[in-house]
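The values are calculated or read from the model by the stated rules, or taken from the named source; none is laboratory data. Since we're looking at a predicted model, the values are computed, not measured. Here Cβ is always computed from backbone atoms with ideal geometry, including for glycine, and neighbour counts include all displayed protein chains. Only protein heavy atoms, including side chains, enter the accessible area calculation; ligands, DNA and RNA are left aside. Shrake-Rupley method; radii C 1.70, N 1.55, O 1.52, S 1.80 Å.
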Amino acid sequence: MSDYKLYLGSHIGMGGPAYYEGTVKEALSYGENTFMFYTGAPQNTRRTATSVLHIEEGRKILQENGVDESKLIVHAPYIINLGNTLKPDTYDLAVNFLIQELRRVQDFHVSVLVLHPGSHLGEGFEKGAKAVVEGLDYVLERDGTNVKIALETMAGKGGEIGRTFEEVAYILNNVKHKERLGVCLDTCHINDGGYDVADVDGTLKEFDRVIGLDKLLCVHVNDSKNERDSHKDRHDNLGYGTIGFETILKWVKHPLLNGIPKVLETPWVGEKAPYKKEIEMLRSGVYEEDWRENL
């Protein structure tokens, strides 16, 4: 494993006045060599122009610290729902906003945007998934970037599309620009969606059979507050959930996932970010009991 390239980080916020420069510095303070961020608030469409977000200052710091920009991730705002067939105006807003987001991601020189596939809002998977495919076709014909979209595996809450590998594969197999799409696997989501996350080899074998490991662009590394097949999607800190630290560690250091960015989305502990400690434990492979209480 000496040649194993471990890219490990977390979801980092971005706000003024330092913006991207501040995001980069925060990630480095946790010992990260990758990270994920939003280009603006995830719950609305208000956006600050990228020209004032201190992008070049942040990039300079990344370069000085030997961080590979190709391993960085942006998360799309969760208000984008390409599976919505009930409200045409909302759907139109989603596709046009996604085009704008892809262009913003390219401004950061990041090459992967993680996107929740969407919700069919009770209209059924087939109808919702067809809308997702049509939306992605529209977007990828018009955005003019080379940013890849990584569809995230979901827990299956409500009308969520993407609970199974087959549902994700349906979208990947039906879009026109297949080369622009990949997958983000979330350990909490697949656990809550019904997969045996403890069987890492078996789950990756199934993923490879249905989707193909060559399509895996990043992994969200989260413990879960809920039992397998609960369809609830509630993340927990490493070692405090039903998945457990040892299983998470197997995912992080699995030979088939060499070089793939792994990103923590675990909850803050009060007003403290847990990422520095969680990353230390994952890098060393040694779990500290009651670490959260001693943070």
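For the reader, a short list of remarks on this structure follows.
- Subset of segment 197-227 (residues that are assigned to a loop (DSSP other than H, G, I, E, B), under 20 Å from the mean Cα position of the chain (by Cα) and of a type outside the set (A, V, I, L, M)): G212, N222, K225, N226
- Candidates are the residues of segment 245-288 that are within 20 Å of R234 (Cα to Cα), of a type in the set (D, E) and not in a helix (DSSP H, G or I); the one that is nearest to the chain's Cα centre (by Cα) is E265.
- If you check E206, E265 for being without any contact (Cβ under 8 Å) to a residue 60 or more places away in the chain, touching a helix residue (DSSP H, G or I) at 6+ places or on another chain (Cβ under 9 Å) and open to solvent by 10 Å² or more (accessible area, probe 1.4 Å), only one passes: E206.
Residues are listed down the side, and each one gets a yes or a no for (1) assigned to a loop (DSSP other than H, G, I, E, B); (2) surrounded by fewer than 20 Cβ atoms within 10 Å (Cβ to Cβ); (3) free of Cβ contacts under 8 Å to residues at least 12 places away in the same chain; (4) in contact with a Pro (Cβ under 6 Å, 6 or more places away or on another chain):
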| residue | (1), (2), (3), (4) |
| --- | --- |
| E56 | no, yes, yes, no |
| K60 | no, yes, yes, no |
| V67 | yes, no, no, no |
| S70 | no, yes, no, no |
| V74 | no, no, no, no |
| N84 | yes, no, no, no |
| L98 | no, no, no, no |
| L102 | no, no, no, no |
| H109 | yes, yes, no, no |
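- Flag if E141 is of a type in the set (D, E) and buried (at least 22 other Cβ atoms within 10 Å of the Cβ): no
- Pairs with Cβ under 8 Å, 6+ apart, first in segment 1-30 and at positive phi, second open to solvent by less than 40 Å² (accessible area, probe 1.4 Å) and not in a helix (DSSP H, G or I): Y19/L53
- Summed over segment 2-11, the residues that are surrounded by fewer than 22 Cβ atoms within 10 Å (Cβ to Cβ) and part of a loop (DSSP other than H, G, I, E, B) give a count of 5.
- Residues (over 14 Å from the mean Cα position of the chain (by Cα), of a type in the set (A, V, I, L, M) and part of a loop (DSSP other than H, G, I, E, B)) located in segment 12-48: M14, A18, A41
- Of all residues in segment 129-166, those that are closer than 13 Å to G193 by Cβ, in a helix (DSSP H, G or I) and more than 17 Å from the chain's Cα centre (by Cα) total 1.
- Meets criteria (open to solvent by less than 80 Å² (accessible area, probe 1.4 Å), under 26 Å from G13 (Cβ atoms) and touching a residue at least 60 places away in the same chain (Cβ under 8 Å)) for W251: yes
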